[in-house]
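Each remark here refers to the structure printed beneath this line.
Read-outs throughout are calculated quantities, based only on the coordinates presented, and are distinct from any laboratory measurement. Note that the structure is predicted; figures quoted are calculated from it, not measured. So basically every Cβ, Gly included, is an ideal-geometry build from the backbone, and we count neighbours across all protein chains shown.
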Amino acid sequence: MSWYHPGMYDAGVPVGSFWEEEAPPLGPGIDRGPVGNETCDVAIVGGGYTGLSCALHLARDFNIDVRLVEAGPLAWGASGRNGGFCTYPPSGLGPGELIARYGEAEAKRFIASQVEAVDLVRALARDENIDLQPQGDGTLHVAHHPAMFAALEGERDLLNGKFGIPARLMTREEVAESEYDSTEQFGALHNPVGFGLQPLRFARGLAAAAARAGAKLHGSSPVALREKSGGWHHLTTSAGTLRARRVVVATNGFSRDDVAPGLARNLVPVMSNIVVTRPLTAAELAAQNWRTERPCANTRRLLFYYRMLPGNRFLFGARGDLTGRPEDAAKMRRFMQRRLGEVFPGWRHVDIAHSWRGFVCMTARLTPSIGRMDDDESVYFALAYHGDGVSAAPWSGRLLAQLIGGKAELADIPAPMRGRPPSIPFPALRRWYLRGALGYYRLRDK
Ligand SMILES: Cc1cc2nc3c(=O)[nH]c(=O)nc-3n(C[C@H](O)[C@H](O)[C@H](O)COP(=O)(O)OP(=O)(O)OC[C@H]3O[C@@H](n4cnc5c(N)ncnc54)[C@H](O)[C@@H]3O)c2cc1C
């Protein structure tokens, strides 16, 4: 079981995100509510982008009888509350590290698949008529310190030379003139792949598309136990037992051993926090020369990510606390307000209107895990997108549908993402490993 406060897992605790206030509600009948005693071919556990995309593609492209069960309302997890950066790659490894660890061919296959993932989000929006509120042509990776500009040069060379991505360096002056200025802006790398979107609109749009295609979606259906007998999986919920021939585990940072044995103990849920300001005035925008809709992330290991939303509300995100306790949420909010004012002094006085947090999910190898269990080939999984799942998760959900539908093979999964997460020695110590890693990164960032 996880070390975080139980409130983090309680769908009755309000998330408090800006997205909930902005997004149109799900249409009637899409969420069928608690699942009863039902039978299906494929049961999906988890109603975020991974599960919803898998449900959509199974029903639409393979005509497979699928039911999805989600503990909270649909998209209650990370998918309904993230920063909306539709970017890549979903990994804690940089392009050079990927090549060093997996070889050039597999690193290229991985990056190409994740550029495709960003295109998939656009295609889903177009084909399924989802109003994502897209913003920005590409993203900015911003040097937070003068010394980090050289690192961006190296990244540019690799992206241009090895991966064929025309990323472009911008000097401090160029960024200050055409994008924005800040105390932690020392030039940036413009990556043309990626954009910003409204994450809950995307998730609800996927849910509506999956339901139209015939998938049956059940919110308020936490699975307490998964057992197998006679070739059937039995998923126990409070309202009944769902029987299925095959199961997809799409529970990401909320994974538990009783539903995902062999997976959960090797995952590291990490908290990320977001604040959103009230709408900024024209004078306030001018104070930081803010002119861009491009989503930005800086070069800190414990990065800040930020973007201007439609209506000139500013979204600012950072790593979260290590406990999930309500009092630590309040502390993080104060920390974020202070750092927002330090990085953007012109907005020091600006009130925060919304603040919330949630789990991103990591593995020891710092890449996602997609595949089928070795000890039971009827169980599939895709999780751990390292804080970059807006495109990677729907792409992985589609890939699982293709695996189940017989249109893809395990070998189609690029090596960095293939198979179960590697074992973590003494998983009970994960919280302490995380503490150590955060302390180390904090020092490096200084
Ligand atoms: C604050 C924050 C900011 C982020 N910002 C970005 C960003 O800007 N860009 C980006 O690319 N990524 C971002 N991410 C990460 C991204 O949101 C995730 O990688 C992605 O949403 C993962 O989708 P998923 O469907 O795999 O998991 P989730 O959306 O987390 O869904 C898993 C679901 O499984 C359900 N579940 C778990 N156990 C059970 C059970 N036993 N029974 C039934 N249901 C269960 C949970 O309730 C949950 O809804 C962010 C995440 C957070 C938390």
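Remarks
- Residues Ala100 and Ala282, FRET efficiency given R0 of 41 Å [Cβ-Cβ distance, rounded to 0.05]: 0.30
- Percent of Cα pairs exceeding the 21 Å cut-off, where the set is the range 5-98: 47
- The residues Arg338, Arg431, when put in order of fewest to most other Cβ atoms within 10 Å, stand as Arg338, Arg431.
- The range 393-446 and the range 250-265: distance between their alpha carbon centers, rounded to Å: 12
- P(r), alpha carbons of the range 347-446 - 5 Å bins starting at zero, rounded %: 2, 10, 16, 18, 15, 13, 10, 7, 5, 2, 1, 0
- Selected from Leu206, Tyr385, Leu235, residue furthest toward positive end of dipole (the chain; charges at beta carbon): Leu235
- For the chain, the residue among Val248, Leu429, Gly341 whose Cα projects farthest onto the positive side of the dipole built from Cβ charges is Leu429.
- Sequence-ordered 3J(HN,Hα) estimates for the range 71-85 from the Karplus curve with 6.51, -1.76 and 1.60 and θ = phi - 60° stand at 5, x, x, 4, 6, 5, x, 4, 5, x, 9, 7, x, x, 8 Hz, glycine and proline given as x.
- Of all DSSP-defined beta bridges confined to the chain, some 70% are antiparallel rather than parallel.
- Contour minus Cα-Cα distance for Asp374 and Ala408 (0.36 nm per residue): 10.5 nm
- Within the chain: Cβ-based charge dipole about Cα centre, in debye rounded to nearest 20 (Lys, Arg +1; Asp, Glu -1): 820
- As a calculated quantity, the FRET efficiency between Arg444 and Glu227 at R0 = 45 Å, using C-beta atoms, amounts to about 0.50.
- Estimated inter-spin distance, Arg334 and Asp351, nm [label 7 Å along Cα→Cβ]: 2.0
- Over the chain: helical MRE at 222 nm, DSSP H runs n ≥ 4 each giving -39500 (n - 2.57), nearest 500: -10000 deg cm²/dmol
- Along the axis of the charge dipole computed for the chain (Cβ charges of +1 for Lys and Arg, -1 for Asp and Glu, origin at the Cα centre), the listed residues Ala353, Leu152, Gly320 are led at the positive end by Gly320.
- Cβ-to-Cβ counts within 10 Å put Cys296, Cys54 in ascending order as Cys296, Cys54, the fewest first.
- Close amide H pairs (under 5 Å, H built 1.01 Å from N) link Thr39 with Arg243, residues at least 5 positions away or on another chain.
- For the range 162-167, 3J(HN,Hα) computed residue by residue from phi via the Karplus equation (6.51, -1.76, 1.60; θ = phi - 60°) reads 9, 10, x, 9, x, 5 Hz, glycine and proline entered as x.
- Among Tyr440, Tyr433, the order by Cβ neighbours within 10 angstrom, fewest to most, reads Tyr440, Tyr433.
- Residue-count net charge about Gly187 - beta-carbon cut-off 10 Å; Lys, Arg +1, Asp, Glu -1: -2
- Under 5 Å, built H, 5+ apart or other chain: amide partners of Phe304: Asn298
- Rounded to whole Å, the principal axis extents of the Cα atoms in the range 42-96 read 42, 26, 15, largest first.
- Subtracting the Cα-Cα distance of Ala239 and Arg291 from their residue separation scaled by 0.36 nm leaves 13.6 nm.
- Electrostatic bookkeeping for Ala264 treats Lys and Arg as +1 and Asp and Glu as -1; over the other residues with beta carbon under 14 Å from its beta carbon, the sum is +3.
- Charge dipole (debye, nearest 20) of the range 310-404; +1 at Cβ of Lys and Arg, -1 at Cβ of Asp and Glu: 660
- Rg followed by Dmax, in Å, when the chain is reduced to its Cα trace: 21.0, 68
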